[in-house]
1. What's the carbon and sulfur percent of the chain's accessible surface, probe 1.4 angstrom, rounded to a whole number?
2. Using 10 Å bins from zero, what percent of all Cα-Cα pairs in the stretch 54-100 falls into each bin?
3. If every alpha-carbon in the stretch 101-205 counts as one equal scatterer, what log10 I(q)/I(0) does Debye give at q = 0.11, 0.19 1/Å?
4. Between the stretch 6-76 and the stretch 107-180, what's the alpha-carbon centroid distance in Å?
5. In nm², what is the average projected area of the convex hull enclosing the Cα atoms of the stretch 43-138?
6. For the chain, what is the convex hull (Cα atoms) projected area averaged across all directions, in square nanometres?
7. Which pairs break 18 Å Cα to Cα here: Lys67/Lys125; Lys124/Lys151; Lys30/Lys124; Lys124/Lys144; Lys2/Lys56; Lys2/Lys51?
8. Given a 1.4 angstrom probe, what's the average accessible area per residue across the stretch 99-205, in square angstrom?
Amino acid sequence: MKYELPPLPYPYDALEPYIDARTMELHHTKHHQTYVDRLNEALAKHPSFAKATEGKPEIEALEEMLKNIDSVPEDIRTAVRNHGGGHLNHSFFWRIMAPANTLIPKPSTLNPINDAFGSLDEFKKQFTAAAAGLFGSGWAWLVKDQSGALKVITTPNQDSPLLQGWTPVLGLDVWEHAYYLKYQNRRTEYIEAWWNVVNWNNLLE
Ligand code: MN
């Protein structure tokens, strides 16, 4: 089994002006592609381990590896965590964005967020603060914890929330490569702009 770069569900310029086409193209064809390539290189060192997941859809197999990271052969564990996490996180990230303001949260999304945070605005405030305050490279997430409760968390580097047993609901890449061309060091502007291209469809359904 070889992992492959999934196509974006929209053209590179679909998220303009909030996320520019050049950033999207580099992010997808260079950064995401590199995570895929490095993951394949790591798994190629352990054909019998990779074979154990044969027959499963590739993303599901990768999710299982990250949920059970301690069962990944030790010499490729860090590579799977970083590059497998990178592949999974980015595959997820492309899907939770959509052309600007085309979608609004449905009651099935809004109600659990209201229950957990008080209001959509309060949730966005907490998520924005977490994303803006994350030191270095990483991700901000809305996750479901083991009990099903909604939480805002951050992860460093390309760590997937699955490593902690948390299920991602919404995620934001705050590595500089996600925004530097357009926003330079202005991460908060990028985060504020990003809310316009969140794909609220299917979240929490
Ligand atoms: Mn990225």
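The values are calculated or read from the model by the stated rules, or taken from the named source; none is laboratory data. None of the values given here were measured: they were computed from a predicted structure. Areas reflect the complete protein model, heavy atoms only, side chains present, ligands, DNA and RNA absent. Shrake-Rupley method; radii C 1.70, N 1.55, O 1.52, S 1.80 Å.
1. Details: 5000 of 9930 Å².
Of the solvent-accessible surface of the chain, carbon and sulfur hold 50 percent.
2. 25, 48, 20, 6, 1
3. Cα-only, vacuum Debye calculation for the stretch 101-205: -0.33, -0.99.
4. Between the Cα centre of the stretch 6-76 and that of the stretch 107-180, the gap is 20 Å.
5. Averaged projected hull area, Cα only: 8.9 nm².
6. Hull-based average projected area comes out at 11.1 nm².
7. Lys67/Lys125; Lys30/Lys124
8. 47 Å²
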